[in-house]
Amino acid sequence: MVGKMTSEETHYVVSVVGQLQALDGAATDLERTVRQFAIIQNATVADLTDNAIFQFASAKSKLCEALAQSEYCQTLDKQIEQLRNFRTIRDKLLLNAYLASLSTAMQGVRSDVDKAIQARLTQQQENMSSMQAKQAWSTALLVSVSLLLILLASQLIVNPVRKLKQIIQILAHQRGNLPPLSTRAPHELIGVEKDLHWLAERLQQLEHIRTALLRHAAHELKTPLASIKEGCSLLSDNVVGPLNPQQAEVLTLLSSSTQRLNTLVEKLLDYNLLLQQAQPKFTKCNPKDLVRDCIEDYALALQDREVSVSVSVANVVVDEELYRRILDNLVSNAVAHGAIGRPISVNIYKEGDDAILDVANRGKKIPAEKVSKLFEPFTRGDDPRNDNVIGTGLGLSIVSDCARLMHGDVQVVDVDNADVCFRVRIPQEENNE
């Protein structure tokens, strides 16, 4: 019963989230093609726009069928009808208003999806509580019967109970193999033992699925990466012709970034393990090299946006790999969302018994109401990025996880010399022990 309930709820959540992602993608494609038609008004783009509207309407219908009630679904229907007349829309402000209204409705749909999932989870928790109460009564009855049986046949009861305790200990500590099922014991205890064996198999299946997902992701990333590395090698060997100094410099940066990406892919499984159970290795270091390598990885983006980086560092006690990941994600965030042509500052200093890392940039301030959810996984800002990359919403959550592993935290703080400043605080006295 628990397995079926969990399976149904998991299927619903996965289905709704998948449909929401499909709708988000269709909305992005629809907005892009509509704007393209507003600029390039030809039959080909019009056909692409018609197809994008059809895909969006289809994705909306599937998602709205899964939601019990959503007023935003009706709003989307109206907006779809408005956008079907895109060929006759000549007013750019009107077009922007339609698209802005579409974006607002999408936000509402996302909110309705969150509420629907939360409602299902709440109902599941209530059902689980009811089942736990029933299980408690069943357990109490089983204990009473067991006490009577102990008086009649203590040896017959003691051995199965000890075996159940052994199974529970193995499941709790996740080590060792489960003993074989009992053949001579009361029927009730054999049933409980079978349930525990089923639970152990289910836990192993989930662990295998998680490991396989990460392994396959790492493998699939290596295929295009190998092609990029091969292309860089051909260019560096001048197979397609000699390179001028500027091209050679860009190729060097590309090769360096490709090598780093290859290292990150290889460490994908290790990093997942690191965030869950590994202990950080604290060493006293001068983070100047870490900051320099990080800035070099973003040299092309910084040069393209005419952004300078000011650096001030001091010796700290940290896990270098975790600290580098924090730097990577914060600098990447500053480059993607900072104002073009305005400087970025990276400042590492001591404050009492803490090592402080400030990464600050000019740009649009983060609304106070969004700061509390900023470090949650898959949370992305509403403002457009300076590049063409679609963010995953994981960067700042990784920063938070890495800081937490080093017994620290990350916050958004107000400073005088920047509009946005992320501050990572790592305690030093505790790490020196």
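A short reminder: the numbers here are calculations on the coordinates, not readings from a lab. Bear in mind the structure is a predicted one, so any value in this text is a computation, not a measurement. All Cβ positions, even for glycine, are placed from backbone atoms using ideal geometry, and neighbour counts span all protein chains on display.
Over 16 Å from Q19 (Cβ atoms) and among the aromatic types (F, W, Y) - does that describe any residue in the range 97-113?
yes
Among the residues of the range 312-349 satisfying the criterion of being touching a Ser or Thr at 6+ places or on another chain (Cβ under 8 Å) and of a type in the set (A, V, I, L, M), which is surrounded by the fewest Cβ atoms within 10 Å (Cβ to Cβ)?
Restricting to residues being touching a Ser or Thr at 6+ places or on another chain (Cβ under 8 Å) and of a type in the set (A, V, I, L, M), the top hit is V317.
Within the range 328-344, is there a residue that is in contact with a Pro (Cβ under 9 Å, 6 or more places away or on another chain) and of a type in the set (A, V, I, L, M, F, W, C)?
No, the range 328-344 contains no residue that is in contact with a Pro (Cβ under 9 Å, 6 or more places away or on another chain) and of a type in the set (A, V, I, L, M, F, W, C).
Looking at the structure I just gave you, is R90 in a loop (DSSP other than H, G, I, E, B), more than 30 Å from Q205 (Cα to Cα) and out of contact with any Asp or Glu (no Cβ under 8 Å at 6 or more places or on another chain)?
Details: in a loop (DSSP other than H, G, I, E, B): yes; more than 30 Å from Q205 (Cα to Cα): yes; out of contact with any Asp or Glu (no Cβ under 8 Å at 6 or more places or on another chain): yes.
Yes: the conditions hold for R90.
Return yes or no: is K62 of a type in the set (K, R), closer than 30 Å to L206 by Cβ and assigned to a helix (DSSP H, G or I)?
Details: of a type in the set (K, R): yes; closer than 30 Å to L206 by Cβ: yes; assigned to a helix (DSSP H, G or I): yes.
Yes: the conditions hold for K62.
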